[in-house]
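Structure record follows, encoded as structure tokens.
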Amino acid sequence: MEHRQVSDQQDKGQDSGTPALEWIAAGIGLVLTVAMLGFIGWQAWKSTGEEPPAIKVNVQRIVPSADGWLVEVAAQNLSAATAAAVQIEGELLDGERVIATSQVTLDYVPGNSERRGGLFFREDPEAHGLKVRALGYAEP
């Protein structure tokens, strides 16, 4: 029979375990991994609903352009659903009468995001009433 020699550390009752700093780093890594997986799962669950895109159009600014006036607009998608080919229309009004219209199509407006575009008019929009709105979208 062979006899094994016991090391000096084991004779003295010392443990050669993992350092505390290594355990702390492993714990932080575990917490971050579980948090990321939970966040990804929550996002996937949240975005699977049948909620349609909710497009809100706001005028950002009105500036002179080479051939009239430019109305810069921002389309905000307030839902998690994505919209493609978003059509935006702007109308210049003299009282109730529409005196000019302009349209722009934004290719892609992801959920919970904002995209910008511009509407051109020959007349000064600040001298008339200005109405902007989203006309429609397509599913990507």
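Just so it is clear, none of the values below were taken in a lab; they were calculated from the coordinates. Since we're looking at a predicted model, the values are computed, not measured. Neighbour counts are summed over all protein chains in view; Cβ atoms, including those assigned to glycine, are modelled from backbone coordinates with ideal geometry.
Look at (i) 0.97; (ii) 1.64; (iii) 1.53: the one that is Rg/Rh (Cα atoms, Kirkwood Rh) derived from this structure is (iii). Ordering GLU139, GLU91 from the fewest to the most neighbouring beta carbons within 10 Å gives GLU139, GLU91.
Any chance you could give the angle, 0 to 90 degrees and rounded to 10, that helix 20-46 forms with the longest Cα principal axis of the chain? It is inclined by approximately 30 degrees.
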